[in-house]
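Notes for the one structure printed next.
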Amino acid sequence: MVGVFSMALDLQRIKRSHASLSLLAKHLAFVNSVQVSLFIRALIEFYAIPYTETLSYFQIAGIHGYPGDLAWDNSDPPKHDRKDDFGDHMIYCTHNLVTFPTWHRPYMLLFEQRLHELMGDIINGLTFSSDAEKQSWIDESNTWRLPYWDWASVSVCAPLKPDGSPSALLEVDNPLYRYQLVVDGNLTQMGDEKLGKYRVKDVEDPGDILLSRSQCSGTSRWGITGPSDEKIWSPGVNNFGKIEAAINGHEWYKPRDQPIQPEILLESLTPGSNWEKWLSLEYIHNNLHGFIGGNDYTSGVGHMQNVPSAAFDPVFYMHHANVDRLCAIWQTLNWSMWFTNTGTQPPSTSDLPPFHMFDGSQVRYFNSDDVRETRNSPAYLDRVREYVETTYPSTGRVLLHDEGKLFKEVRSNSYDDYIIDVLYDRYALNGSPYTLHFFLGPPPSSEAVTIAEVRSGGQRKYIGSVFNFSTPVRVTPSGDASCDNCKQQLDDGVLSTATVPLTVSLYQLAIDDAVTDINDIGTDALSGTVIPWEKMSKTKVFVLKGTSKHYVEDEKLSDYGEYQPMHVVTEEKPGGASEHEYAQN
């Protein structure tokens, strides 16, 4: 590859970041005060870099989508570089492909490495009482890693002083609250004409009543509510109450004697039968984009909900650092599993543009093999297993702590396990995002619903969601697609899969004296307005019963298998699979 590059990544740094058990200890809540100070200062400086610079926050965020069509850092442009005045966007990011986690890994490294460089500049501009104190800050910057946000762990808010000093405090705007585009000292909408080729042009979507990220000067979460309120949401609005409700909307199934956070399902990432393999890392990732950004148009949406705009929200990077951590844990637990390099999926040697790396004296694109390495030893494997079992509430921990409430006699710690498997079409609405919600009992009957209505109590019990994190597919008059990968999947009729656990939900209902009847499972697809099932003809819902085995030893993960169809639960229901369709899968 020939060219001048602003940023070729340090492969040794990515190996240190993602192969070390210290990755498990870099939760945002536990980073020390000096590193927090450096992180906050560096992020503020990052925002201040002019949008025209390749290594600005604006352009690095734009790699994931908006403004689209731009060849970042002298890389090959996204497929089908625009040659007319059509307003759609060709983008680099990969979704619904096996390269989803490996493409995002160097992306996180790029973000981390850029902040680390800015930390060096910041330290050189500070005044220290001694050379030793300055060196201690340099040492902290060199051990700093991009923190992850573990939304499945118990929240801990440690008191930290933002400047790292034991006595003085500095007041600064929290850069994690939102990103705002400032040009020549003025807050500027991202679609402003003066931005030229960098301005955001919205992808027109007849189903999106809200318009526009182009009218935003700042990022929002559950904040964009329609054109009439533009002056309110344009600078960026956060509705933390709705984010909390979306993530923690499962209070009804918490065991009475211990707090339970939403289940992360790491144990389901172990190999098993075909029914068990319907759960994917990308599905877990997708739901959080909806929970954080907002997937309820009547209550407001935000940047994380939309593929091209998601990376402008700073929480994107801590969310994806956590997704990458889950991938690293899965790699450790399944060391021998990697790309099959067969079929229609990209091989492990395929390029991951636009990310460059040094290969000796040459610069080339990363590929998936370059970012595979994690630790592989029995002792490390046991530590990771123990970490998973002791950190995250799971089906096993709930059932093993039953203490005779439901199970009077248990044989060899073996239990029945129930799951919903979903086969869904990302492009049912031509790529527009939508959400599938699942209930025990009757679903909402109204034509338009809010997130509060979805998660309300009564006879209807909300048990989980599947968020379709996608972007509309548009084709130019000349045949170019806004997302070449998406258009190919649309043409090929590619379907996606997800799994929603049922066991803990059923268990809580069974031990609840107030519940005397369990209704049939109902499904609905909501995005502010109820979507008719006729538009979701390829979406099928399967319910299965299997066997699980749980262990008291922390270093042992639960075993799941032997899942059998329960077609009587879904047959003749809207979206429900028939006995014949179970047999086909």
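Got a number for residues in the range 390-407 being small (Gly, Ala, Ser) and either in a strand (DSSP E or B) or modelled with pLDDT of 75 or more (or both)?
Start the filter on the range 390-407 by keeping residues that are small (Gly, Ala, Ser), which leaves 394, 396, 404.
With the extra rule that they be either in a strand (DSSP E or B) or modelled with pLDDT of 75 or more (or both), the set shrinks to 394, 396.
Summing the residues that are small (Gly, Ala, Ser) and either in a strand (DSSP E or B) or modelled with pLDDT of 75 or more (or both) in the range 390-407 gives 2.
Does residue 576 fit the bill of being small (Gly, Ala, Ser), surrounded by 15 or more Cβ atoms within 10 Å (Cβ to Cβ) and touching a helix residue (DSSP H, G or I) at 6+ places or on another chain (Cβ under 7 Å)? Before you say what the answer is, go through the steps one by one.
On the way: small (Gly, Ala, Ser): yes; surrounded by 15 or more Cβ atoms within 10 Å (Cβ to Cβ): yes; touching a helix residue (DSSP H, G or I) at 6+ places or on another chain (Cβ under 7 Å): yes.
So residue 576 fits the description; yes.
Quick one: in the range 314-351, of everything that is within 30 Å of residue 177 (Cα to Cα) and either of a type in the set (S, T, N, Q) or touching a strand residue (DSSP E or B) at 6+ places or on another chain (Cβ under 7 Å) (or both), which residue is surrounded by the most Cβ atoms within 10 Å (Cβ to Cβ)?
This residue is 321.
Report, by residue number, each residue of the range 368-379 that is touching a Ser or Thr at 6+ places or on another chain (Cβ under 7 Å) and either modelled with pLDDT under 80 or aromatic (Phe, Trp, Tyr) (or both). Spell out how you get there, then give the answer.
Going through the range 368-379, the residues touching a Ser or Thr at 6+ places or on another chain (Cβ under 7 Å) turn out to be 368-369, 371, 374-375.
374, 375 - these are the residues of the range 368-379 that are touching a Ser or Thr at 6+ places or on another chain (Cβ under 7 Å) and either modelled with pLDDT under 80 or aromatic (Phe, Trp, Tyr) (or both).
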Checklist entry - Of the numbered conditions (1) at pLDDT 85 or above; (2) part of a loop (DSSP other than H, G, I, E, B); (3) exposed (fewer than 15 other Cβ atoms within 10 Å of the Cβ), residue 145 satisfies every one except a single condition; which is it? => result (3)
Checklist entry - Hey, which of the helices (runs of 4 or more DSSP H) in the range 1-95, taking only ones fully inside, have at least 3 residues that are buried (at least 20 other Cβ atoms within 10 Å of the Cβ), modelled with pLDDT of 85 or more and of a type outside the set (Phe, Trp, Tyr)? => result 33-48, 57-62
Next on the checklist: Pairs please, first residue from the range 382-396 and over 21 Å from residue 335 (Cα atoms), second anywhere and part of a helix (DSSP H, G or I) and of a type in the set (Val, Ile, Thr), Cβ atoms under 8 Å, 6+ apart in sequence or on different chains.
Outcome noted: 395/503; 395/504
Checklist entry - If you go through the range 150-182, how many residues are modelled with pLDDT of 90 or more and in contact with a strand residue (DSSP E or B) (Cβ under 8 Å, 6 or more places away or on another chain)? => result 5
Checklist outcome for this item: Of the residues in the range 526-550 that are part of a loop (DSSP other than H, G, I, E, B) and surrounded by 15 or more Cβ atoms within 10 Å (Cβ to Cβ), the one that is modelled with the lowest pLDDT is 528
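Take the range 408-417 and flag every residue that is under 20 Å from residue 551 (Cβ atoms) and at pLDDT 60 or above. Before you say what the answer is, go through the steps one by one.
Within the range 408-417, the subset under 20 Å from residue 551 (Cβ atoms) is 409-417.
The answer is 409, 412, 413, 414, 415, 416, 417.
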Checklist outcome for this item: Taking the range 352-379 and keeping residues surrounded by 15 or more Cβ atoms within 10 Å (Cβ to Cβ) and over 26 Å from residue 63 (Cβ atoms) leaves 375
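Which residue out of 329, 292 is among the aliphatic types (A, V, I, L, M), in contact with a Leu (Cβ under 7 Å, 6 or more places away or on another chain) and touching a residue at least 12 places away in the same chain (Cβ under 8 Å)? Full working, then the answer.
Details: 292 fails: in contact with a Leu (Cβ under 7 Å, 6 or more places away or on another chain).
Testing whether each residue is among the aliphatic types (A, V, I, L, M), in contact with a Leu (Cβ under 7 Å, 6 or more places away or on another chain) and touching a residue at least 12 places away in the same chain (Cβ under 8 Å) leaves just 329.
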Next on the checklist: Restricting to the range 301-311, and then to whatever is touching a Lys or Arg at 6+ places or on another chain (Cβ under 8 Å) and not in a loop (DSSP other than H, G, I, E, B), can you tell me which residue is surrounded by the most Cβ atoms within 10 Å (Cβ to Cβ)?
Outcome noted: 303
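The values are calculated or read from the model by the stated rules, or taken from the named source; none is laboratory data. This one's a predicted model, so the numbers in the text were calculated from it and none came from an experiment. Glycine also receives a Cβ, built like all others from the backbone with ideal geometry; neighbour counts cover every protein chain displayed.
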